[in-house]
Amino acid sequence: MTSPWTAGQVASVAPDAASLAAARKLAGSWSHAGNKGLALWGLCQGSGSKPYQAVVDLRGPAYKCSCPSRKFPCKHALGLLVEWSEGRVPSAAEPADFAAEWLLRREEKAEGTGEGGDEAPKKAPDPATAQKRADRVASGLAELDLWITDQIRSGLAAMDTSWAGFDAIAARMVDAQAPGIAGTLRALAGTVASTENWPEKLLDELARLHLLVTAHQKLSELPEDLVHSVKAHVGYPVTTDSVMESTPVHENWMVLGSGITEEKRLFTRTVWMRGRTSRRWAMLLDFSHGAPNFSTEAPPVGFLVDADLHFYPGAAALRARLGATHSEPQPFTTLPSGSIDAALQEFTDALAADPWLRSWPAVISSVVPSFVDGAWFLVDESGTALRAEGDSDLLWKLLGISGGYPVAVCGTWNAQALAPISVFTGGQVIVL
């Protein structure tokens, strides 16, 4: 039987603190609760005459509830996890009727799509179509390089730095089938509006784009891994089939953080993992439009997953897809040590391989969060300090969890500051 989650692991899947608090208040409202294998179910009495039917598939985890809440997971699904973590969900021989059908459909779907629940195979484009796209991209990038040259020649003071100004050239990149570059261009308007030293950052971004255009023009001269990186930053698609056909990396993967973001009803789920032996980083990305109902399942935070990962090609390969799993996830209680110097060196190595990287994951152990002169830092035992950034509430939460004592912090480093994702303390991972 799967070991119950800790309180920190339950908190890691909550959409917000209010939902978790509401879930804890449901204690005593449950009936017909049970668990078998990787499934939980129960009836929660609300204000209406009929109780809400909540089901959790721990393999995702995935959730189903008869309540009308638009949060994911809702307070009832979270409440069921709380009951389980506190030992109030008994084992059962078979799932309840209201849970059995949904769980069976999920099993059939997983079996029908293969290990990891990947979508049906996509047909690869024929060579003529691929060449047509490459020609279209090349034409668009030549136009972009001319635009960049004009901006530098005229000077940034004369540049149209409004949203409309950047959107015009970004739209041209969309037409040229270079969506990665279009996204970078549209983000520049926000950089100008929100950053005091925006001319420096804008010039840096224009230089990166010029380097990317130059690299694309010389694809035939580049190493294969770097070719894949260039195409990824431009926005060439990579089929799931081609990734899953690559040689997998079999490891015990520590799941160190996860999060869901939303922009224009496009939900993105990110899961950060690190190999316990190899210390290799991996990032699982999944997308869902309209609602956070992802087609693939994410391993739970704070667990060790014995699995195969298939990495997307690139000079500093980070994004991956989950392949075959070889045993049930098990919680881990220790982390390999990680210093500030080691984290900075990992970023340096990754950036040397792929100069268009924006950030790289890092784990730093034995650091104390500190707020000094209006800025946040992570300070290690030697007094070395690393700048931290992020939402103010998140950083204060990190400080509160640490209590002024050393903790291990997982985050992403962007050469300027570390954005915390999760904190490891007391033998458990707490997602921030």
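Among (1) modelled with pLDDT under 95; (2) within 21 Å of Ala350 (Cα to Cα); (3) assigned to a helix (DSSP H, G or I), there is one condition Ala215 misses while meeting the rest; what is its number? Unmet for Ala215, out of (1) modelled with pLDDT under 95; (2) within 21 Å of Ala350 (Cα to Cα); (3) assigned to a helix (DSSP H, G or I): (1). Exactly one residue out of Ser12, Ser29 is open to solvent by 20 Å² or more (accessible area, probe 1.4 Å) and touching a residue at least 24 places away in the same chain (Cβ under 8 Å), and it is Ser29. In segment 365-432, counting only strands (runs of 3 or more DSSP E) that sit wholly within it, the ones holding 3 or more residues that are hydrophobic (A, V, I, L, M, F, W, C) and under 16 Å from Ser339 (Cα atoms) span 375-380, 385-388, 407-413, 418-425.
Any idea how many residues of segment 62-85 are among the small types (Gly, Ala, Ser) and surrounded by fewer than 24 Cβ atoms within 10 Å (Cβ to Cβ)?
Looking only at that region, the number is 4.
Test Ala320 against the criterion of being in a loop (DSSP other than H, G, I, E, B) and within 21 Å of the chain's Cα centre (by Cα), and give yes or no. Even if it seems obvious, please write down each step before you answer.
Values: in a loop (DSSP other than H, G, I, E, B): no; within 21 Å of the chain's Cα centre (by Cα): yes.
The answer is no for Ala320.
For every residue, the table says whether it meets (1) farther than 18 Å from Gln9 by Cα; (2) of a type in the set (A, V, I, L, M); (3) out of contact with any helix residue (DSSP H, G or I) (no Cβ under 7 Å at 6 or more places or on another chain).
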site: Thr239; (1), (2), (3): yes, no, yes
site: Ser246; (1), (2), (3): yes, no, yes
site: Trp253; (1), (2), (3): no, no, yes
site: Thr261; (1), (2), (3): yes, no, yes
site: Gly275; (1), (2), (3): yes, no, yes
site: Arg280; (1), (2), (3): yes, no, yes
site: Met283; (1), (2), (3): yes, yes, yes
site: Ala291; (1), (2), (3): yes, yes, yes
site: Phe303; (1), (2), (3): no, no, yes
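Can you spot a residue in segment 139-155 that is touching a helix residue (DSSP H, G or I) at 6+ places or on another chain (Cβ under 9 Å), assigned to a helix (DSSP H, G or I) and modelled with pLDDT under 90?
From segment 139-155, those touching a helix residue (DSSP H, G or I) at 6+ places or on another chain (Cβ under 9 Å) are 140-145, 147-149, 151-152; that's our starting set.
Filter once more, so that each one left must be assigned to a helix (DSSP H, G or I): 140-145, 147-149, 151-152.
Checking which are modelled with pLDDT under 90 leaves us with none.
Taking every residue of segment 139-155 in turn, none turns out to be touching a helix residue (DSSP H, G or I) at 6+ places or on another chain (Cβ under 9 Å), assigned to a helix (DSSP H, G or I) and modelled with pLDDT under 90.
Annotation note: Cβ proximity below 8 Å between a residue of segment 312-337 that is more than 30 Å from Val230 (Cα to Cα) and a residue that is assigned to a strand (DSSP E or B) and of a type in the set (S, T, N, Q) (sequence gap 6+ or interchain) occurs for Pro331/Gln428; Thr333/Gln428; Leu335/Ser365; Ser337/Ser365; Ser337/Ser366. In the condition set (1) among the acidic types (Asp, Glu); (2) outside any helix (DSSP H, G or I); (3) open to solvent by less than 70 Å² (accessible area, probe 1.4 Å); (4) modelled with pLDDT of 90 or more, Asp160 is compliant with all but (3).
Give me the residue from segment 236-267 that is among the polar types (S, T, N, Q) and within 17 Å of Thr412 (Cα to Cα) and, out of that set, most open to solvent (accessible area, probe 1.4 Å).
From segment 236-267, those among the polar types (S, T, N, Q) are 239-240, 242, 246-247, 252, 258, 261; that's our starting set.
From what's left, within 17 Å of Thr412 (Cα to Cα): 258, 261.
Values: Ser258: 31, Thr261: 85 Å².
Filtering first and then ranking leaves Thr261.
When segment 293-315 is filtered for residues that are open to solvent by 20 Å² or more (accessible area, probe 1.4 Å) and assigned to a loop (DSSP other than H, G, I, E, B), the ones remaining, listed by number, are Asn293, Phe294, Ser295, Glu297, Tyr312, Pro313, Ala315.
Among Arg105, Arg59, Arg88, which is the only one that is of a type in the set (D, E, K, R) and surrounded by 16 or more Cβ atoms within 10 Å (Cβ to Cβ)?
Criteria check complete, one pass: Arg59.
Taken over segment 227-261, the criterion of being part of a strand (DSSP E or B) and without any contact (Cβ under 8 Å) to a residue 12 or more places away in the chain is satisfied by Thr261 alone. In this structure, Leu432 does satisfy being closer than 20 Å to Trp272 by Cβ and within 21 Å of the chain's Cα centre (by Cα).
Just to be sure before I move on: is Ala182 surrounded by 17 or more Cβ atoms within 10 Å (Cβ to Cβ), touching a helix residue (DSSP H, G or I) at 6+ places or on another chain (Cβ under 7 Å) and at pLDDT 90 or above in the structure I sent? Step through it out loud before you land on a result.
Working: surrounded by 17 or more Cβ atoms within 10 Å (Cβ to Cβ): yes; touching a helix residue (DSSP H, G or I) at 6+ places or on another chain (Cβ under 7 Å): yes; at pLDDT 90 or above: yes.
When the stated conditions are applied, Ala182 passes them.
The values are calculated or read from the model by the stated rules, or taken from the named source; none is laboratory data. Bear in mind that the values here come from a model prediction, so they are computed numbers and not experimental data. Counting neighbours? That spans all protein chains shown, and the Cβs are built from the backbone with ideal geometry, glycine included. For the accessible areas, the whole protein counts, side chains as well, though only heavy atoms, and no ligand, DNA or RNA atoms are used. Shrake-Rupley method; radii C 1.70, N 1.55, O 1.52, S 1.80 Å.
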